[in-house]
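A.B. asks: Sharing a structure with you now.
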Amino acid sequence: MNDTECPVVTYPMERTDPFHPPPEYAGLRERAPVVPARLSFRPGHDAWLVTRYREARQVLDDTRFSSDSRLPGFPVRRAHSALIRMDPPEHTHYRAMLAPEFVGRRVAELRPVVHRLTGRLLDALDSGPAEVDLVPTLAMPLPSLVICHLLGVSYADHVFLQERTAAALRATSTPEEIDQAVADLGDYMDGVVREKTANPGDDLLSRLVAEQVRTGRCTPEVAADLARLLLVAGHVTTVNMIGLGLLTLLRNPRQLEELRADERLAAPAVTELLRHLSITPSLARVATEDIEVGGCLIKAGDGVMILLSSANRDEREYADPDRFDIHRAERQNLAFGWGPHLCLGASLARLELQVVLTAVARRFPRLELAVDLDDIPFRHKVNIYGVHELPVVLK
Ligand code: HEM
């Protein structure tokens, strides 16, 4: 890559405020939609940063920007393969197997289940001590209970699954620990696929076995791999949106009060939290051809980082973009990505967030933080942003 006109910045940059992306992003957006950067985590490698909303969508929509992390030039630390890292036509084939399970109607059917599971967790909180960390007691278990229900695996196993998923995604895990956790989840899912083949039920995995494995469209191993991906992709993201979402609402008490009073605000509030927090701050791609984006020529083999957290604060798209406003008129954002890899679980995640945030607001109307904001451990230096702990006083 060579761009002699602008200075090269170093990526990633640090946040200075836990509720906002790194302050340099505004300047980068102003400078250009695409800027060159050194990657501090891959010394000797450069990549392009896509800073603005329109160009971010353009890149995410264009399959000449590959998601295959095994390709040279792909700007990530660890290569791994799964649906999320495939390109068409392979990607289209496998995505189509899961897509019917995540359409709006199917997800809407899960609403009573999400309500019930949330209610149980809140009951347990209600009968426990007033001072509690909401990450292990609410934010972590809810998404794993929901996905266990969806996949049709035993609730009793959710603690094991939650722990193994967390180990696979933990920033402090060694490569051996990550491999072990991924292998454990794979073994578990292989067993479940065998079980669903012998004794089918009314669940996602049984349908996958009946419609895809039995018809020869995919092997049992691939079915287990897709199930494992759903478990992992939907876990850490939703956990952190619950934790950071609650914290953001606690810091904006007037808007929290409005949400408590009017359930119709749940959907726009969740959309605004997703935009404002952009917990998946960036997505990686590599160009497979020479492609022009925003007046800049990206050469075949160049790595690209699409800065979702910058695009979601683009002043060309959003009025007063740094303001958190659940009444905002703009309804679209890139928190779930865009294009062919758009988050498959977006409707489900929205549902979980709408239910849990409203339920907490109603059950504990005077909820407050148990520590100063400075004492909240934020998830810096990891791919998915959020909070490690959320100590509160339940009232
Ligand atoms: C608030 C929570 C969530 C956020 C912020 C989020 C974010 C994302 C993003 C940004 C992508 C695009 C990745 C890329 O283009 O490279 C993605 C993909 C994906 N997400 Fe989510 N996600 C969330 C919840 C979920 C849930 C609950 C599930 C499933 C139960 C899920 C399953 C997936 C899958 C399977 C993909 C891969 C889709 C593909 O490659 O075609 N996600 N997610």
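The values are calculated or read from the model by the stated rules, or taken from the named source; none is laboratory data. Predicted model only: the values in this text are computed from it and were never measured. Methodologically, a virtual Cβ is constructed for each residue, glycine included, from the backbone with ideal geometry; neighbour enumeration extends over all protein chains shown. These accessible areas exclude ligands, DNA and RNA; they are computed on the full protein's heavy atoms, side chains included. Shrake-Rupley method; radii C 1.70, N 1.55, O 1.52, S 1.80 Å.
A.B. asks: Report, ordered by the first and then the second residue, all pairs with beta carbons closer than 9 Å, sequence separation of six or more or different chains, a first member in the range 82-110 that is over 12 Å from LEU344 (Cβ atoms) and open to solvent by 20 Å² or more (accessible area, probe 1.4 Å), and a second member that is away from the ligand (no atom under 11 Å from the Cβ) and modelled with pLDDT of 95 or more.
C.D. replies: ASP87/THR63; ASP87/THR288; PRO88/THR63
A.B. asks: Right, another one. Can you confirm whether GLU163 is within 16 Å of the ligand (Cβ to nearest atom) and open to solvent by 70 Å² or more (accessible area, probe 1.4 Å)?
C.D. replies: no
A.B. asks: Do we have any residue at all in the range 278-285 that's without any contact (Cβ under 8 Å) to a residue 24 or more places away in the chain and open to solvent by 20 Å² or more (accessible area, probe 1.4 Å)?
C.D. replies: No, the range 278-285 contains no residue that is without any contact (Cβ under 8 Å) to a residue 24 or more places away in the chain and open to solvent by 20 Å² or more (accessible area, probe 1.4 Å).
A.B. asks: List every residue pair whose Cβ atoms lie under 7 Å apart, where the two residues are 6 or more positions apart in sequence or sit on different chains, the first residue falls within the range 313-326 and is open to solvent by 10 Å² or more (accessible area, probe 1.4 Å), and the second residue, located anywhere, is of a type in the set (Val, Ile, Thr).
C.D. replies: Once the first residue is open to solvent by 10 Å² or more (accessible area, probe 1.4 Å) and sits in the range 313-326, its partners that are of a type in the set (Val, Ile, Thr) give PHE324/THR248.
The rows are residues; the columns are (1) out of contact with any Leu (no Cβ under 9 Å at 6 or more places or on another chain); (2) open to solvent by 30 Å² or more (accessible area, probe 1.4 Å); (3) in contact (Cβ under 8 Å) with a residue 40 or more places away in the chain; (4) β-branched (Val, Ile, Thr).
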residue: LEU226; (1), (2), (3), (4): no, no, yes, no
residue: THR248; (1), (2), (3), (4): no, no, yes, yes
residue: GLU258; (1), (2), (3), (4): no, yes, yes, no
residue: ALA261; (1), (2), (3), (4): yes, yes, no, no
residue: LEU265; (1), (2), (3), (4): no, no, yes, no
residue: PRO268; (1), (2), (3), (4): yes, no, yes, no
residue: LEU274; (1), (2), (3), (4): no, no, yes, no
residue: GLU289; (1), (2), (3), (4): yes, yes, yes, no
residue: CYS296; (1), (2), (3), (4): yes, no, yes, no
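A.B. asks: SER127: away from the ligand (no atom under 13 Å from the Cβ), at pLDDT below 95 and over 30 Å from VAL293 (Cβ atoms), yes or no?
C.D. replies: Taking the combined requirement at face value, the residue does not satisfy it.
A.B. asks: Hey, among VAL371, VAL392, which residue is in contact with a helix residue (DSSP H, G or I) (Cβ under 9 Å, 6 or more places away or on another chain), hydrophobic (A, V, I, L, M, F, W, C) and away from the ligand (no atom under 16 Å from the Cβ)?
C.D. replies: Going through VAL371, VAL392 in turn, just one is in contact with a helix residue (DSSP H, G or I) (Cβ under 9 Å, 6 or more places away or on another chain), hydrophobic (A, V, I, L, M, F, W, C) and away from the ligand (no atom under 16 Å from the Cβ): VAL392.
A.B. asks: Here's another thing I want to ask about it. Identify, by number, the condition in (1) farther than 22 Å from PRO253 by Cα; (2) under 12 Å from the mean Cα position of the chain (by Cα); (3) open to solvent by less than 40 Å² (accessible area, probe 1.4 Å) that CYS343 doesn't meet.
C.D. replies: (3)
A.B. asks: If you check ARG217, ARG228, which single one turns out to be among the charged types (D, E, K, R) and either modelled with pLDDT of 95 or more or over 14 Å from CYS148 (Cα atoms) (or both)?
C.D. replies: Just one listed residue meets the conditions, ARG217.
A.B. asks: Can you find, within the range 271-321, the residue that is nearest to ARG350 (Cα to Cα) among those that are acidic (Asp, Glu) and either in contact with a strand residue (DSSP E or B) (Cβ under 7 Å, 6 or more places away or on another chain) or modelled with pLDDT under 95 (or both)?
C.D. replies: ASP302
A.B. asks: Hand me the list of helices (runs of 4 or more DSSP H) wholly inside the range 233-294 holding 3 or more residues that are within 12 Å of the ligand (Cβ to nearest atom).
C.D. replies: By residue number, 235-251, 266-277.
A.B. asks: Suppose we filter ARG95, ARG106, ARG116 for residues that are over 17 Å from THR238 (Cα atoms) and more than 15 Å from the ligand (Cβ to nearest atom); which single one remains?
C.D. replies: ARG116
A.B. asks: Testing VAL153 on (1) assigned to a helix (DSSP H, G or I); (2) open to solvent by less than 20 Å² (accessible area, probe 1.4 Å); (3) over 30 Å from LYS395 (Cβ atoms), one condition comes back false. Which one is that?
C.D. replies: Exception for VAL153: condition (1).
A.B. asks: Of (1) of a type outside the set (Val, Ile, Thr); (2) assigned to a loop (DSSP other than H, G, I, E, B); (3) in contact with a helix residue (DSSP H, G or I) (Cβ under 9 Å, 6 or more places away or on another chain); (4) free of Cβ contacts under 8 Å to residues at least 60 places away in the same chain, GLY44 satisfies all except one. Which?
C.D. replies: (3)
A.B. asks: Kindly evaluate LEU208 against the criterion of being among the aliphatic types (A, V, I, L, M), away from the ligand (no atom under 15 Å from the Cβ) and touching a helix residue (DSSP H, G or I) at 6+ places or on another chain (Cβ under 9 Å).
C.D. replies: The answer is no for LEU208.
A.B. asks: Further question: When you look at ALA329, is it open to solvent by 30 Å² or more (accessible area, probe 1.4 Å) and at pLDDT below 95, yes or no?
C.D. replies: yes
A.B. asks: Can you name the condition, by its number, that ALA349 falls short on among (1) closer than 15 Å to GLY245 by Cβ; (2) away from the ligand (no atom under 16 Å from the Cβ); (3) part of a helix (DSSP H, G or I)?
C.D. replies: (2)
A.B. asks: For the range 50-105, name all the residues that are of a type in the set (Lys, Arg) and more than 21 Å from ALA223 (Cβ to Cβ).
C.D. replies: Within the range 50-105, ARG52, ARG54, ARG57, ARG64, ARG70, ARG77, ARG78, ARG105 qualify.
A.B. asks: If you don't mind, another one. Inspect all residues belonging to the range 38-55 and state whether any of them is acidic (Asp, Glu), at pLDDT below 95 and open to solvent by 40 Å² or more (accessible area, probe 1.4 Å).
C.D. replies: yes
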